[in-house]
2 protein chains.
Amino acid sequence: MSGKPADHKTKSNSSFEYRTPNGTLIAIGGRENKGDDPAAEDSNSHNLNFVKNEILERFVNELPGKNPLIVVIPTASSIPEEVGRTYVKVFHQLKVKNVEVLDIQSREDSCKEEHLDLIKKANGIMFTGGDQLRLTSIFGGTDIMRLIKERYFKEKLVIAGTSAGAAAMSTQMIYQGRSEEGFIKGAVSITAGLELLNDAAIDTHFISRGRIVRMAQMIATNPTFIGIGLEEDTGIVVKKGREIEVIGSGLVMIVDGRSSTSTNIYKVQEGVPITIRDLKVHLLGKGDTYTIEIF
Amino acid sequence: MSGKPADHKTKSNSSFEYRTPNGTLIAIGGRENKGDDPAAEDSNSHNLNFVKNEILERFVNELPGKNPLIVVIPTASSIPEEVGRTYVKVFHQLKVKNVEVLDIQSREDSCKEEHLDLIKKANGIMFTGGDQLRLTSIFGGTDIMRLIKERYFKEKLVIAGTSAGAAAMSTQMIYQGRSEEGFIKGAVSITAGLELLNDAAIDTHFISRGRIVRMAQMIATNPTFIGIGLEEDTGIVVKKGREIEVIGSGLVMIVDGRSSTSTNIYKVQEGVPITIRDLKVHLLGKGDTYTIEIF
């Protein structure tokens, strides 16, 4: 145990088991294949891991019971009606008949009795892409979010989110930060996400937009959080709040700073590049597993 | 329940009781009186709530057992030796004989066996002031922080922090942000703190430095977190992770955005002033209590 920070292998999590949710999370890096996009299939024709509809089909297969209800929440999007319609169509194609769109656009909206009733009946929830700051600033601290969280911990509720919908799931959430400046102190804006996934920090479109630098800055600010960078058409299925399985055609990058040995972030001024040593990084593909050690 | 976001009064917390810690937290807004500062006494001569040594004496009185051990952690400070000496002196004056200074200055330092052993024996821990980003970037994800957290949840450990040491306790932590620009989107830097106090966001030197605007921006990003603004020589004693009692000579400002009805933060560009409606704000003084509703 001496000589370096928290060793991933040797710790027992016994004292923290009480945090275990019964539900399942599916976080997706954005642009998951929706079956009817020939361009996507074309651009993936050289990728042997590409399977049409894979991720959304997995979401459907995880739903408990017969004749399940999916609620699509397009709040993050600036074109919520269009996005809602797209998901209704693809879930119908995947043989789910009961699909409702819950287009909450303000904090006051969020607490209407009929909306709470819909969430009470849902077996699966899909948070679409858009802007994650819309999700946290509109849902944070509301009755509807409390209900979602309580059902996720107590029941077999399946919650999926793509792009912004995935970024908003973890405790740490980046909501602004250009990739090319991500290593400059102050160039990354962080706040707390919806805390469905603890001890983690999710970022999306990860490989295609070169986001490891902004992830590294987030981790340097507090290395407790395991960075999870999700590529497009790629996701993770999370059970028990920590057991991860990779799905989809691309890669997941795990960035673990718990054993990092130094950083300059608390010494340098804004505008100066930040450094951090001894990040542990894993690149995982379909079928790979990883367990977040609960802190 | 309808018509507005989460109502503070009507919710049961039954499903979240498993998060209850056995330890006690004392978060202090900075510059707590240390007995021997005539200037402080002078400037407080008109404040009938001022009591010499009040806050540190309360910390001492909360310690369990006879002949307790206090460990002072001056890591946040740029003058750790001087700060450490000051606390050793004042705790000796308050009749605590066993006081050790644990001056961890890097992530590698944090994991030395002798440091872990000291934390295993501590009955009270005092995090001094300085820069909160030093605390989270040096302690985040390390063995020593895990040990502190585990002992805080399982045992009667008392953890105090002042200024940076208090700011680093909550899940949301501001580490940069000038008061006069605090309402401009992008002018406030947030990351996660050490998560000893959940569902909260602590800020310090709160009244004297006019920090409510930066607090409001933090809350707008995710209103789940109850803002706790601590004035200097003022603190909160927190039991069960949520039951707050105010101590000291100044005020505590509680900023509750859970029932806020709108904000522009997800609509406007960086550089634009952010707005938020229907924050609930409480100003509390010595002896007042407040319970954080666990989300």
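Net charge dipole, the stretch B:212-256: roughly 240 debye, given to the nearest 20, about the Cα centre with Cβ charges of +1 for Lys and Arg and -1 for Asp and Glu. For chain A, the antiparallel share of DSSP beta bridges with both residues in that region comes to about 55%.
Among the listed pairs A:Lys149/B:Lys286; A:Lys52/A:Lys121; A:Lys52/A:Lys97; A:Lys280/B:Lys267, those whose Cα-Cα separation exceeds 27 Å are A:Lys149/B:Lys286; A:Lys52/A:Lys121; A:Lys280/B:Lys267.
Residues whose amide H lies under 5 Å from that of A:Leu69, counting only those 5 or more places away or on a different chain, are A:Asn123, A:Gly124; hydrogens are built 1.01 Å from N in the peptide plane. Inside 10 Å of the C-beta atoms of A:146-152, what's the mean count of C-beta atoms belonging to other chains? What the average comes to for A:146-152 is 3.
Assuming charge only on the beta carbon of Lys and Arg (+1) and of Asp and Glu (-1), the dipole of the protein assembly as shown about its Cα centre is about 940 debye to the nearest 20.
Taking the charge dipole of the stretch A:7-293 about its Cα centre, with +1 at Lys and Arg Cβ atoms and -1 at Asp and Glu Cβ atoms, the residue from A:Gly129, A:Pro74, A:Ala167 reaching farthest to the positive side is A:Ala167. Phi angles of the stretch A:147-154 translate, via the Karplus equation with coefficients 6.51, -1.76, 1.60 and θ = phi - 60°, into HN-Hα couplings of 5, 4, 5, 5, 5, 5, 6, 8 Hz per residue; Gly and Pro are given as x.
For B:Lys89 and B:Asp117, a Förster radius of 22 Å and the Cβ-Cβ distance give a FRET efficiency of 0.35, rounded to the nearest 0.05. Taking Cβ atoms as reference points and 9 Å as the exclusive limit, the residues near B:Val252 contribute a net charge of -2, counting Lys and Arg as +1 and Asp and Glu as -1.
Here the peptides B:198-211, B:137-150 are ranked by packing, the mean other Cβ count within 10 Å, and the order with the highest first is B:137-150, B:198-211. Using the Karplus relation 6.51 cos²θ - 1.76 cosθ + 1.60 with θ = phi - 60°, the per-residue 3J(HN,Hα) values for the stretch A:157-172 come to 4, 10, 10, 10, x, 10, 6, 3, x, 7, 4, 6, 6, 8, 5, 8 Hz, with x marking Gly and Pro.
Compared with the dominant Cα axis of chain A, that is its longest principal axis, helix A:212-221 is turned about 70°. With each pseudo-label sitting 7 Å past Cα toward Cβ, what's the B:Glu100-B:Glu181 distance in nm, one decimal? Between B:Glu100 and B:Glu181, the label points sit 4.3 nm apart. Assuming R0 = 45 Å, what is the FRET efficiency of A:Thr20 and B:Asp36, from their Cβ-Cβ distance, to the nearest 0.05? With a Förster radius of 45 Å, E is 0.35. Along the stretch B:95-100 the Karplus relation, 6.51 cos²θ - 1.76 cosθ + 1.60 evaluated at θ = phi - 60°, assigns HN-Hα couplings of 6, 9, 7, 8, 10, 10 Hz to successive residues, with x for each Gly and Pro. Three semi-axes describe the equivalent ellipsoid of the protein assembly as shown; taken as square roots of 5 times the Cα gyration tensor eigenvalues and ordered largest first, they are 41, 26, 21 Å. Scaling against 2.2 N^0.38 Å puts the C-alpha radius of gyration of the stretch A:200-295 at 1.10.
With a 10 Å cut-off around each Cβ of B:106-116, the average count of Cβ atoms from other chains is 5.
About its Cα centre, the dipole of chain B is roughly 760 debye, where the only charges are +1 on Lys and Arg Cβ and -1 on Asp and Glu Cβ.
Taking amide H atoms as placed 1.01 Å from N in the peptide plane, the amide H of A:Val101 lies under 5 Å from those of A:Val72, each 5 or more residues away in sequence or on another chain. Distances between placed amide hydrogens fall under 5 Å for A:Ala200 paired with A:Thr171, A:Gln172, A:Ile226, all partners being 5 or more residues away or on another chain. The angle between the Cα long axis of helix B:80-93 and the longest principal axis of the Cα atoms of chain B comes to about 70 degrees, rounded to the nearest 10.
Going toward the positive end of the dipole of the stretch B:141-274, with +1 on Lys and Arg Cβ and -1 on Asp and Glu Cβ, which of B:Thr221, B:Gly141, B:Gly235 do you reach last? Of the candidates, B:Gly141 comes out farthest on the positive side.
On the beta carbon distance between A:Asp288 and A:Lys154, with R0 = 35 Å, the FRET formula returns roughly 0.75. Per residue of A:257-264, other chain Cβ atoms within 10 Å of the residue Cβ number 5 on average. Based on protein heavy atoms only, the stretch B:179-295 ends up with 30 Å² per residue of surface accessible to a 1.4 Å probe.
The values are calculated or read from the model by the stated rules, or taken from the named source; none is laboratory data. This structure is a prediction, so every number in the text was calculated from the model and none was measured. Methodologically, a virtual Cβ is constructed for each residue, glycine included, from the backbone with ideal geometry; neighbour enumeration extends over all protein chains shown. Surface areas here come from the heavy atoms of the whole protein model, side chains and all, with no ligands, DNA or RNA. Shrake-Rupley method; radii C 1.70, N 1.55, O 1.52, S 1.80 Å.
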